[in-house]
Amino acid sequence: MATDGLTLHACIGELQPLVGGKIDKVLEPDKDIVILHIHAPAIGRVKLLLCIHAENGRIQTVSRTFENPDVAPAFCMLLRKYLVGCRIVSIEQAGLNRIAVFTLSGRNEFYDSVKLRLVVELMGRHGNLFLLDETGRIIDCMRHFGISESAARICLPNVPYEAPPEADKRDPFTATEAELSALSEGRMPGRWLVDAYAGVSKLCAEQIVPDGTDPERIGKAVHAVFSAIAEGRYAPCMIPDAGVLPFHAANADGVPFPTVNEAQDAFYRRRDEQAILTKLRTSLRAVLDRAKKRAEKKLSEYEKTIGSEEQIERDRLFGELLLSCRPAVPGAKEITVTNYYADPPAPITISLDPKCSAADNAQRYFKRYRKNKAARAYAQSEIETMNGELDYLKGQLLNVAACSTREELFEIRDELVRLRYIREQDDARRTPSHAKSVPLHYRAPSGVEILVGKNNLQNERLIRSSDPDAIWMHAKGVPASHVILCTASPTREELYLAAVIGAYHSGASASANVPVDYTQVKHVKKPSGARPGFVNYFHQHTLYVTPSLDAIAPYRVTEDK
């Protein structure tokens, strides 16, 4: 949930100690996020996060460190030019709208005093971040919208800034108990607040109105909350998986926090990570889907070429018949000759180029025969390669779905860059290197560990780092994770559990009686020059199991435990 007007009001109230502070640094770790490093006389150094994400939009102070790209985006460079060295004159909210205005004082390149405004609009998918000059003209903004894209207003550099149109709603801070009671009578619980008062979100309305239908009781409770927020008496709480409120939730188990900023940090920390993971996973899946479609199209063309053997042999036959018959029919478009290769011999009609002689027409057929025969031989040699590439891409799609951390997804991305599925531009926005990812970890009832690779790099590291006598497993004939059963002498129960885990983490997770091959790690070899994750294995045995999440979930060892 993005910040609503009441929560933003409380947040801006808590940010007032930043007034008079100096901006030392500007960072843009993500296309929706700007972080200002501020040195405020009252509270010291603070990191202020401005996020205009459609679902996670908010303003808050943060303590954690964000990973930044090696090359700063253009908008970040512009903000650094104008904002570094500026002092914050005021931080205000536009009414109770989800708009925060930072008034800044600084000096330009000629050392003249200038006034700037940083306007943060937390308007869902219409959210934006504007830098305005003294006259209210847009210097630049985070998201550009031209007249063809947005009929409401233009968001482009050197255009006068227009605030979003305001909704015709009342000010909740001037509401009386009697007015609130009258409005609530006979209305859907909470909905009347959203329709009537500015700054009230659906979540806020659900939690501000107490249970029951007594209008007087409802009016009194809502008025008390509005009055407390207006006077700066906040009771921030975080409702898991729902949002942050500046008051105590009446109808949910909210987690209290000392400040709204701390509540927002606790709520959005996990959501930010999930948003980054979703974006990265979506981009990788799009790359792999495009490559898979190209490979399938090539494979289809190769199979079509191989299926044209009859036509290829017909071209050779026509050439030989034309040479043997030597017909002298200048200007003819076709000729009927006796096919002595048939049993019994039969007449056959051959198309001709009227501009060429019989001998030249024969050579044309021979040339086409040689060309198509060579193409067919090439197609036969490439089909195995294309099948291997398709298996690789299907396996990578499975890996992308299985990955749960940025490190794992970035390892897949680096691999795709090395294999040229993704082109890495020299001037592109690059992401810094990440720590090594770790495989999935299960523990059998006997205490034996079972490790599962979630991408090709993890699979290869597992094989290299495991005991040569340990047991390696892989679902047969489908893309699947490599599984290591960390023992040289497994029991039947341990083998069965590891096989079920291997079948579940494979492309056959929805099937029954999945064959799972297993052998010792020392019998698993990667061929020279093979794609990442591809191995040959020997001396294997096969188990048939039915994958089930319920059967393996109790043995999963996670970071949360």
Which one of Asn128, Val26, His482 has its Cα pushed farthest toward the positive end of the charge dipole of the chain, where Lys and Arg give +1 and Asp and Glu give -1 at the Cβ? His482
The stretch 5-141 - Rg and Dmax from Cα coordinates, angstrom: 14.0, 41
Would you kindly state how much longer the chain becomes between Thr349 and Lys22 on full extension, computed as 0.36 nm times their sequence separation minus their alpha carbon distance, in nm to one decimal? 108.7 nm
Using +1 at the Cβ of each Lys and Arg and -1 at the Cβ of each Asp and Glu in the chain, identify which of Ile218, Gly146, Met386 lies farthest towards the dipole's positive end. Met386
Just want the answer: with Cβ charges of +1 for Lys and Arg and -1 for Asp and Glu, which residue in Ser506, Thr491, Leu457 is farthest toward the dipole's positive end in the stretch 440-557? Leu457
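On full extension of the chain, what length is gained from Thr519 through Asp133, given 0.36 nm per residue of separation minus the C-alpha to C-alpha distance? Don't skip to the end; give the middle numbers.
Numbers: separation 386, 0.36 × 386 = 138.96 nm, distance 6.95 nm.
Result: 132.0 nm gained on full extension.
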Just want the ordering: Ser357, Ser446, from fewest to most Cβ atoms lying within 10 Å of their own Cβ. Ser446, Ser357
Report, to the nearest 10°, how far helix 260-306 tilts away from the longest principal axis of the Cα atoms in the chain, using its own Cα long axis and a range of 0 to 90°. 10 degrees
Model label zone, Glu449; criterion: amide N under 15 Å from point 7 Å along Cα-to-beta-carbon; scope the stretch 528-554: none
Work out the FRET efficiency for His37 and Arg191 from their Cβ-Cβ distance, taking R0 = 51 Å, and round it to the nearest 0.05. 0.75
Calculated from backbone phi, Karplus (6.51, -1.76, 1.60) coupling profile of the stretch 531-536 in Hz, x at Gly/Pro: 5, x, x, 8, 9, 10
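Might you report the magnitude of the Cβ-based charge dipole of the chain about its Cα centre, with Lys and Arg at +1 and Asp and Glu at -1, to the nearest 20 debye?
Numbers: 72 positive and 71 negative charges, 411 e Å.
The calculated dipole for the chain is roughly 1980 debye.
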With just the Cα atoms of the stretch 1-82, tell me how far they stretch along each of the three principal axes, in Å, largest first. 35, 33, 23
Can you sort Leu280, Leu15 by how many other beta carbons sit within 10 Å, fewest first? Leu280, Leu15
Full-stretch length increase - Ala72, Ala286 - with 0.36 nm per residue and alpha-carbon distance subtracted: 74.6 nm
Enter the Cα centre distance for the pair the stretch 392-419 and the stretch 204-264, rounded to the nearest angstrom. 43 Å
In the stretch 498-517, whose amide N lies under 17 Å from the spot 7 Å out along Cα-to-Cβ of Asp467? List them in ranges. 498
Using each residue's phi in the stretch 206-222, evaluate 6.51 cos²θ - 1.76 cosθ + 1.60 at θ = phi - 60° and report the 3J(HN,Hα) Karplus result to the nearest Hz, with x for Gly and Pro. 5, 9, 8, 8, x, 4, x, 10, 6, x, 5, 5, 5, x, 5, 5, 5
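Computed over the Cα atoms of the stretch 306-389, what is the ratio Rg over Rh, Rh following Kirkwood? Walk me through the intermediate numbers first.
Numbers: Rg = 15.7 Å, Rh = 14.1 Å.
Radius of gyration over Kirkwood radius for the stretch 306-389 works out to 1.12.
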In nm, to one decimal, how far is the Ala230 label point from the Lys526 one, both placed 7 Å along Cα→Cβ? 6.8 nm
Let me understand the chain better: what is its radius of gyration from the alpha carbons, and its Dmax, in angstrom? 34.5, 110
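Taking the square root of 5 times each eigenvalue of the Cα gyration tensor, what semi-axes in Å does the equivalent ellipsoid of the stretch 440-557 have, largest first?
Numbers: eigenvalues 80, 50, 35 Å².
Result for the stretch 440-557: semi-axes of 20, 16, 13 Å.
What FRET efficiency would be calculated for the residue pair Arg45, Arg294, taking the C-beta separation as r and a Förster radius of 51 Å, to the nearest 0.05? Don't skip to the end; give the middle numbers.
Working: r = 51 Å, r/R0 = 0.99.
Approximately 0.50, to the nearest 0.05.
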Any chance you could check the Cα centroid distance between the stretch 341-391 and the stretch 122-137 for me, in angstrom? 66 Å
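Explain nothing, just the number: dipole magnitude of the stretch 354-405 about its Cα centre with +1 on each Lys and Arg Cβ and -1 on each Asp and Glu Cβ, in debye rounded to the nearest 20.
That gives a dipole near 620 debye.
How do Phe538, Phe110, Phe226, Phe366 line up, fewest other C-beta atoms within 10 Å first? Walk me through the numbers on the way to the answer.
Working: Phe538 10, Phe110 6, Phe226 25, Phe366 17.
Ascending number of Cβ neighbours within 10 Å: Phe110, Phe538, Phe366, Phe226.
Expressed in nm², what is the orientationally averaged projection area of the convex hull enclosing the Cα positions of the stretch 276-419?
Result: 12.2 nm².
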Between Thr405 and Ala178, take the C-beta separation as r, use R0 = 51 Å, and let me know the FRET efficiency to the nearest 0.05. 0.40
XL table Lys292/Lys373; Lys81/Lys115; Lys304/Lys355; Lys298/Lys476; Cα-Cα > 23 Å flagged, in table order, is Lys292/Lys373; Lys304/Lys355; Lys298/Lys476
Binned at 5 Å starting from 0, the alpha-carbon pair-distance distribution of the stretch 172-256 in whole percents comes out as 3, 16, 28, 28, 17, 7, 1
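No lab work stands behind these numbers, since they all come straight from the coordinates. Values in this document were obtained by computation on a predicted structure and should not be read as measured data. Note: ideal-geometry Cβ built from the backbone for every residue, glycine included; neighbour counts use all protein chains shown.
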